[in-house]
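The values are calculated or read from the model by the stated rules, or taken from the named source; none is laboratory data. These numbers come from a predicted model, not from an experiment. Every residue, glycine as well, gets a Cβ built from its backbone with ideal geometry; the counts of neighbours run over all protein chains shown.
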Amino acid sequence: MRKCEIDANFDVLLNNSLVEMYSKCGSLRMAVQVFEAMSRWDVNSWNEMILGFAMHGEVERVFEHFSRMIDEEKLMPNSITFVGIFSMCNHRGLVDKGRKYFETMVNEYNIKPVLQHYGCLIDLLARNGQIKEALDIVSNMPIKLDALIWKSLLDACRKNNMGLELSKELAIQIMESDGDSCSGVYVLLSR
């Protein structure tokens, strides 16, 4: 009879998938159990746990696991790690932490921001009434914005009574970015 040996990398991959599945299905307790029972972790393991905590609004646990990943496991975060952190900051309105982690990502870990990172930061600032700072970031970005980020800015502009002229300008940007979703722009402008 032959022994069936399971590759250790497959074990990590399988457990990462379970952590992601449990997190997305709403069973964060089970995701944590699987994660903590793992014999070893890779950066994706930590990312799944950070994203799971962010999805469920567990602020302290996001930052705790980020620290454990770096300090205890000596793993380097990647761009997905920061998406989880920015997502958490965005949903909780943690503007200062969001800015700090954005700078950390760029300056300490040399991770080049992509559209998703900029989108999280811009949305975080805009939702918290710092539209002018968000627009400054937009004007200095090396990446072209998509319609979703423009819509986020327009919605924040409307909620913060930033004026019709700015709203019109943003609406034009949305229509130029995504001609298919004009009806949504008119709805945002009508409010």
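For this structure, a couple of remarks:
- Against the test of being without any contact (Cβ under 8 Å) to a residue 12 or more places away in the chain and assigned to a helix (DSSP H, G or I), the options N44, N107, N90 yield a single qualifying residue, N107.
- Single unsatisfied condition, M76 versus (1) part of a helix (DSSP H, G or I); (2) surrounded by fewer than 18 Cβ atoms within 10 Å (Cβ to Cβ); (3) more than 17 Å from the chain's Cα centre (by Cα); (4) at pLDDT 95 or above: (1)
- Candidate set: region 23-62, residues that are among the basic types (K, R) and within 19 Å of the chain's Cα centre (by Cα); chosen: the one surrounded by the most Cβ atoms within 10 Å (Cβ to Cβ): R61
- Index of the failed condition, G84 passing every other in (1) over 11 Å from the mean Cα position of the chain (by Cα); (2) part of a helix (DSSP H, G or I); (3) among the small types (G, A, S): (1)
- Selection from region 110-126 of residues that are among the charged types (D, E, K, R) and either assigned to a helix (DSSP H, G or I) or crowded, with 20+ Cβ neighbours inside 10 Å (or both): D123
- Taking each residue of region 13-40 that is under 14 Å from F53 (Cβ atoms) and looking for partners that are assigned to a loop (DSSP other than H, G, I, E, B) and not acidic (D, E) with beta-carbon atoms closer than 7 Å, six or more apart or interchain, yields L28/H56.
To keep it simple, each residue is scored yes or no on (1) surrounded by 11 or more Cβ atoms within 10 Å (Cβ to Cβ); (2) more than 22 Å from C120 (Cβ to Cβ); (3) at pLDDT 70 or above.
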residue	(1), (2), (3)
P142	no, no, yes
L153	yes, no, yes
C157	yes, no, yes
E165	no, yes, yes
K168	yes, yes, yes
G184	yes, no, no
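- Only one of H91, H65 that is surrounded by 14 or more Cβ atoms within 10 Å (Cβ to Cβ), in contact with a helix residue (DSSP H, G or I) (Cβ under 8 Å, 6 or more places away or on another chain) and at pLDDT 95 or above: H65
- Test: G129 is closer than 24 Å to L166 by Cβ, surrounded by fewer than 18 Cβ atoms within 10 Å (Cβ to Cβ) and at pLDDT below 95: yes
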